[in-house]
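The values are calculated or read from the model by the stated rules, or taken from the named source; none is laboratory data. Since the structure is predicted, the reported quantities are computational estimates derived from the model, not experimental observations. Positions of Cβ are backbone-derived with ideal geometry, glycine not excepted, and every protein chain shown enters the neighbour counts.
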Amino acid sequence: MSNQLIYLSIIAASLGTYFCRAFGVFSAKKLSVDSPIFLWIKCVSIGVISAVIARIVLFPAGLLSESTSLNRILCTLIALTIYFSFKKNVLLAVLSSAFCFGILNHFF
Amino acid sequence: MFSSQAFKDGVKHAIGVPALGLGSSMFVFGAYLHSSGFSIFHSFLSTFFTFALPGQFVMAETILAGGTFLNIFLAVLLVNGRLYPMTVNLIPVIRSENTSKLKQYLAAHFIAVTSWFNMFDVHHKLKQEDKFNYFVGLGGFLWANSVVCTVLGYAFSNLVSHEILIAMVFINPMYFLIMTVSNLKEKKMITSIILGGILSIVLHNIFSGWSVLIAGISAGSLGYFIFKKENNE
């Protein structure tokens, strides 16, 4: 890989990402928080995020793909169980789940 | 802006779980770049200018696979397309009459899943004129923290075992999950969340690259239109 190629790739990735954000600002120019479109976009945003999470847990890329689906699903359930059992403690739920995930990956 | 109380409150909000969740994934990304032959300066530039992890991974993987400038631009555009509805959704919430267009375009760089969730969590408690500075504090700190964590991940990847790196990658999706379920309040949101997850799985083998966007748009639209009456109440 040449240095020049990497810099060009970073520029391409930055432009691709910033285009989504800038076009979002442009599209929101006349949008009011009370409009029906605003509520619809909020539903779409949360739907997209939910889809991203499902994809990461069930069809991950990169390092996570080295773990088993069973471990990922189990630890997702652990995160949810701890969150709802311990007064919606976000830190406890997230860290317990990651800790269990590390242990499960070590042994299985 | 930077001396305002709202900006400082935004920074305080970001310190803790939000910074830990995003920072741990950025640390792993830095370690990944190190093992893939990039330099520490490349890792710094990638998070500084992109600040959207899935797209950054796609950039690195595409370049390693011999992709062209156009390949990388389109692949990242597709993967980070989720930022578009999030930006359309967040900007009307944080801007006030005095917020210039330039400031809106600059602040948009700090929009990511973590900053979006956390801003929506608190915005109803803030005065309209404070929301923009609060978001810049919150999102700006997350961005700066991400840049630092990427560089640290690059520099110290040799000191962290492979198994710990895998566990660290898992922190961020679990954080997203918990923030998502904290939105299980209105029927339209519950429907959008559940359908988004199910459709993403069902569509994965049919529209691999597009499944997330198609699932999210379909789920959000169904959730909104099925409970449209609820919106008008």
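Quick look at the values:
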{"read-out": "Breaking point among (1) over 15 Å from the mean Cα position of the chain (by Cα); (2) over 21 Å from A:VAL90 (Cα atoms), for B:VAL122", "value": "(2)"}
{"read-out": "B:LEU106 vs. criteria at the interface with chain A (Cβ under 10 Å from one of its Cβ atoms), modelled with pLDDT of 95 or more and under 18 Å from B:VAL11 (Cα atoms)", "value": "yes"}
{"read-out": "Enumeration of residues in the stretch A:19-34 that are outside any helix (DSSP H, G or I), at pLDDT 90 or above and of a type outside the set (A, V, I, L, M, F, W, C)", "value": "A:LYS29"}
{"read-out": "Lone unmet requirement of (1) modelled with pLDDT under 95; (2) within 14 Å of the chain's Cα centre (by Cα) for A:THR76", "value": "(1)"}
{"read-out": "Tally, over the stretch B:65-103, of residues that are within 20 Å of B:PHE2 (Cα to Cα) and more than 7 Å from chain A (Cβ to nearest Cβ)", "value": "10"}
{"read-out": "Residue count for the stretch B:2-44, restricted to those that are within 22 Å of B:LEU165 (Cβ to Cβ) and part of a helix (DSSP H, G or I)", "value": "24"}
{"read-out": "Enumeration of residues in the stretch A:83-108 that are touching a residue at least 12 places away in the same chain (Cβ under 8 Å) and buried (at least 20 other Cβ atoms within 10 Å of the Cβ)", "value": "A:ALA93, A:VAL94, A:SER97, A:ALA98, A:PHE101, A:ASN105"}
{"read-out": "Unique match (being over 28 Å from B:ILE94 (Cα atoms) and either basic (Lys, Arg) or at the interface with chain A (Cβ under 8 Å from one of its Cβ atoms) (or both)) among B:LEU159, B:LEU199, B:LEU203, B:LEU213", "value": "B:LEU199"}
{"read-out": "Any chance A:SER50 is of a type in the set (Ser, Thr, Tyr) and closer than 20 Å to B:THR191 by Cα", "value": "yes"}
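Results for (1) buried (at least 21 other Cβ atoms within 10 Å of the Cβ); (2) within 23 Å of B:ILE214 (Cβ to Cβ), shown as yes or no for each residue.
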| residue | (1), (2) |
| --- | --- |
| B:PHE69 | no, no |
| B:ILE72 | yes, yes |
| B:LEU78 | no, yes |
| B:ILE91 | yes, no |
| B:GLU97 | no, no |
| B:SER100 | no, no |
| B:ALA107 | yes, no |
| B:THR114 | yes, no |
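Every residue, every condition in (1) farther than 30 Å from A:HIS106 by Cβ; (2) modelled with pLDDT under 90; (3) within 21 Å of the chain's Cα centre (by Cα); (4) not in a helix (DSSP H, G or I), yes or no:
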| position | (1), (2), (3), (4) |
| --- | --- |
| B:ILE178 | no, no, yes, no |
| B:LEU184 | yes, yes, yes, yes |
| B:ILE190 | yes, no, yes, no |
| B:ILE194 | yes, no, yes, no |
| B:LEU199 | yes, no, yes, no |
| B:GLY209 | yes, yes, yes, yes |
| B:ALA219 | yes, no, yes, no |
